Amino acid sequence: MKRIIKETGEKADNRLHRICDGLSPQKRFVAVIASLIVFAAIAIYMAVSSVYGVDRPELEVEHIRQVKFNRPNMYNDSINALKIKEYDE
């Protein structure tokens with residue numbers, strides 16, 4: 001599995017190098033700045049939308065309820081049996 005991940009990363013790296021080798025330094029700089037702006041815009045959008053969405057009235061929070069288990073005989077439980085013996089003495 002590690003070998004497959006490593007080979008995939010190397011293939012992607014080689015492909016990126018081939019694409020960037022054909023660009024002039026000025027075009028490479030523009031491509032880097034453009035991708036930086038796109039990723040920064042996505043990060044800002046995600047941060048703002050998550051902060052904005054905190055107090056949405058449409059979202060209803062259901063609180064955790066206690067689950068009731070059917071236990072026919074609590075004396076079969078080893079921990080409860082020890083606690084009962086301590087209180088009986």
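Each value in this text was obtained by applying a stated rule to the coordinates, not by laboratory testing. Computed from a prediction, not measured in an experiment: that's the story for all the values here. No Cβ is skipped: glycine too gets one built from the backbone with ideal geometry, and neighbour counts run over all protein chains shown.
Here are some notes:
- Label sites at Ile19 and Ala40, each approximated as a point 7 angstrom past Cα along Cα to Cβ, lie 2.1 nm apart.
- Counting beta carbons within 10 Å around each of Met1, Met46 and listing the fewest first gives the order Met1, Met46.
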